[in-house]
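Everything on this sheet refers to the single structure shown next.
The values are calculated or read from the model by the stated rules, or taken from the named source; none is laboratory data. Not measured: the values here are computed from a predicted model. Heads up, the Cβs are rebuilt from the backbone with ideal geometry, glycines too, and the neighbour counts pull from every protein chain shown. We work out accessible area using only protein heavy atoms, side chains counted, and drop any ligands, DNA or RNA first. Shrake-Rupley method; radii C 1.70, N 1.55, O 1.52, S 1.80 Å.
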Amino acid sequence: MGGGETLGAALADRLAEQWHRAGVTHVRRAANLTELATLVDAATGPVIVSGTDLVAHTAVLRHLATSPVGPTVALVLTDPPAPGQAVVREERGQVVDAGPDGRLDGGQTGVFGGALRVGRDDLPALAAAARAAVAGTPIAGTDPAAVAATPPAAGPEAAGSAVDRLFTGLTALGTLTFAHRVRLLVAHRVAGPAGLAAAEAAVAAVDEDRAELRLSVKEKDDFFTTFFVSTWSPYVTKASAKLGLTPTGVTAISVLFAAVAAVLFGVGGRPALVTGAVLLYLGFVLDCVDGQLARYTRHFSAWGGWLDTMADRAKEYLVYAGLGYGATAAGFRYGWALAVAAMTLQTVRHMTDTWYGVLHDEAARRPKAVGGGGGGIGDRLNAASTRVQADTGSLSYWLKRTVVFPIGERWALIALTVALFGPLVSLVAVLTWGVLAFAYTGALRTLRARWMWVPVLDTVDATLHRDDGPIAARSPALRPMGPLTLAVLGALGPAALLVAAGLRVRADDDAGGLAWATPVALLMLLVAALGAGAAHNGPLDWLVPAALRAGEYLFAIAAGVVGGAPAWVVFGYVFVLTLHHYDLTARLEKRQAAPPLHGATLGWEGRSAVLAVAAFAGFAGIAMATLGAYLLVVFVGSVVLAWVVLPARARRGVGVPAGGEVHQPG
C-alpha cells in the first residue's frame, strides 16, 4: 500500500472485521479523546480498545476478548518496542508498571501489544485516563500524556502512540490489569509497508486451528501431566469439540470415572483394583480435557470454573473414601482413619496454597513492599525460586514442580500403588508424600512470606474467609497475641483430645470415657475466636484460614471418636465441611461474594459447639450425621441460588440499552 494514511485506514478496516469475527458485537472508531470517553461512559459491559497498527491472527483477538484471567487484560508482546510504544513489567501475570521505553530502567518484561480489554468496573478509570490526557493533567505522578483512540485516517505509528499512552494512563491509576501473552500464534504491531508484509507472512505461515489446539494445553504443567497426559489429551479435546461436548459435560464424565474407580477400590481384588486404577487415570485425563476444551472452544464461565474446582476435590475425596473402605474391608482396622487423615491433610494444604497465591498476587500489586526486608534468606529464596522457574525443563525445574505433590502426581501415585499393592499402601503413600510436601512448602513459604511482609488478609473479608459464626463475631478481640497465634493455640486442644482418644481406641479402651474432655477442648478451640476482631496484617496471617480449618476438622474427628460415631460418618461429615470451605476459597479466587446461605452454616465455632454437646451427651453419631446432612442441604441450596435463581432474576431485571461501544464483546 501507499502512504501512511492509506495503510492506516486499510489496517483499521481489516482489524474491525477481525474484531467482529472474534465475537465483538459493536465496533466503533473514536475520532478523538472526548468521543472515546463518551463511548466508554455509555458502555454497559466490557470494552476493548485497540490501535490500528495491530496485525494478528483472529484467534489472538478472540483470546484477548474471552480471557478468563481477569476483567481487565492487556495484550503483551515480546517484540522490541518501537518509538511511542509502551513497555510493561509483569509479576505473576499482572501488569505492575507501564511507561515509555526507558522509564522502567530495564525492568520491562514485554511491550504493550496495542489492545486491551477493560472490565465494566474499570470503565470509569478508562474514561478518567482519557479526560486527564485531554486536560494535560498528570496521572499518579506520570508525565502528562495524550491518550486517545486514533482517528481512522491517522497512520499506524500515531495509532500505536495514542493507545500506548492510554494504556499507560490506565495503569498509572492503579487499575489491576492482567497480561495476555501470545504463544504459537502471531501478533505484531507494524509501522509501514515492509513491516506489514513481514507480519502478514508470519500470520500466513501458522495453521491457526492447529495452534489453538496446542494452546489449549497449559504452557507449564506438572511432570506427570506434561509427559503422560498432555502428549495425547489434545486429540481427545479435538474429538470432544467435534462431538459437541461442553467442558461441563466432560467434567461430569470425569467425576463418573472417579466414582466408579472409588467403588472398585472398595470392592477389592486384583482385577477390580487394576480396572479402578485405569479408570482413575482416564478420569484424570478427562479432568485435563475439560480445561483444554474450554480454552479451545473459548467457552469460559464463572460457573464452569467453580464447578471444575469443586469437582476436582470431590473426585479425589471419593477416591479416598473408596480406599478407606477397601483397606478396612481387607482387615486393616484404621482404613477409614487414614482416609480421613488424607482428606484433612490435603484440604489444609490447599487452604495454604490458596492464601499463599493471594499473598503473591497482592505482593505483585505492591512491588515496593516486596524486598522491604532488605535482603536476607527470604530474598535469596525468592531469587532462587525465580531462577528455577525460568529454567524450564531442567532437572531442578521438574524436581521443584514434583516435590510439592500436585494433583497429577497424587492421582498417578494412587493408581500405581493401588494396582500393585492395594488400598492400604496407597493411603500410606499419599499421606507420607503429602506430609513431606507440606513440610517443605510450609517452611519455604514461611521464610518468603516474612520477607515479603504483605498483609494479605487486610485486602479481603477476613470474617468470611475465616468462616466465623455468631460466637466469633461477638467475642472480644485479644489483639496483642495476633490471630495466627490464637488460631494455632485453638487447634492444640482438639489435637490433644484426638491423640488421647486414639490411644484409648488402640488399647481397646472406651474412648467415651473422655466425654468430659470435649467441652474443655471446645473452650481451647474457641480461643481462636478471640482473634476474629483483630487486624490480620502480620506477615504470616495468610495461614489463619488453614489453621482454623485444621482446628475444626481435628475437633470434629475427635468428637466423633469420643462419641463413638461410625468412621464413615466422620468421613462424610468432614467431606461436607471441605465442600463448604472449597466453595469459600473458589469464591475468593474469583473475587465473588459470600454464598447466599452462608449465614446458615453456623460458623466453625457454632458447628463445633453442636458437636461438643452431642459428644458429651453420648449421641455424637446421630448429631454428626444430622448436622452433616443439614450443611449439605445448605450447600446445595446456596449453589442453586448463586448459579441458577439469582442470575435468572438479574437477567429479568436488567434491560439492555441501545448504543454502541468501542469494541464491546458479546
Ratio of Rg to Rh over region 5-76 (Cα coordinates, Kirkwood Rh, two decimals): 0.95
Isotropically averaged projected area of the chain, using the convex hull of Cα atoms (one quarter of hull area), nm²: 31.0
Amide hydrogen neighbours beyond the local backbone of Lys218, cut-off 5 Å, H modeled: none
Percentage, to the nearest whole number, of Cα pairs in region 369-517 over 26 Å apart: 56
Sum of -39500 (n - 2.57) over DSSP H runs of 4+, divided by residues of the chain (222 nm, nearest 500): -20000 deg cm²/dmol
Total lysine pairs under 27 Å (Cα atoms) in the chain, excluding pairs fewer than 8 apart on one chain: 16
Built amide H within the under 5 Å cut-off of Glu90, gap 5+: Val96, Thr109
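Given a cut-off of 12 Å, what percent of all Cα-Cα pairs of region 558-600 lie beyond it?
Values: 596 of 903 pairs.
The proportion of pairs with Cα distances above 12 Å equals 66 percent.
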Solvent-accessible area of Ile407 with every protein chain in place, 1.4 Å probe, in Å² to the nearest 10: 40
Rounded accessible area of Asp287 (nearest 10 Å², 1.4 Å probe): 20
Built amide H within the under 5 Å cut-off of Thr246, gap 5+: none
Under the Karplus curve 6.51 cos²θ - 1.76 cosθ + 1.60, θ = phi - 60°, whole-Hz ³J(HN,Hα) for region 469-481, x wherever Gly or Pro sits: x, x, 5, 5, 5, 9, 7, x, 8, 9, 5, x, 7
Under Karplus coefficients 6.51, -1.76 and 1.60, residue-wise ³J(HN,Hα) of region 610-616 in Hz, glycine/proline x: 4, 5, 5, 4, 5, 5, 5
For region 71-85, 3J(HN,Hα) per residue [Karplus equation, 6.51 cos²θ - 1.76 cosθ + 1.60, θ = phi - 60°, Hz, x = Gly/Pro]: x, 10, 9, 10, 6, 10, 10, 9, 5, x, x, 8, x, x, 8
Part-to-part distance (alpha-carbon centres) for region 445-474 and region 596-624, which is given in Å: 24
Degrees between helix 156-172 axis and first principal axis of the chain (Cα, 0 to 90, nearest 10): 40
Modelled FRET efficiency - R0 22 Å, Arg333 with Val267, Cβ distances, 0.05 increments: 0.65
Between 0 and 90°, nearest 10: helix 302-329 axis offset from the chain longest Cα axis: 30
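For region 184-297, how big is the tail of P(r) above 21 Å, as a whole percent of Cα pairs? Walk me through the numbers on the way to the answer.
Values: 3332 of 6441 pairs.
Here the tail beyond 21 Å accounts for 52 percent of pairs.
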Cα coordinate range in region 293-353, projected on the principal axes (Å, largest first): 49, 25, 15
Exposure of Thr485 as accessible area (Å², to 10), given a probe of 1.4 Å and all protein chains: 70
Sequence-separation-based contact order of the chain, relative, with Cα cut under 8 Å and 6+ spacing, percent: 15
Dipole in debye (nearest 20) - the chain, about Cα centre, beta carbon charges: Lys, Arg +1; Asp, Glu -1: 760
Largest-first ordering by accessible area, 1.4 Å probe, given options Asp361, Asp13, Asp121: Asp121, Asp13, Asp361
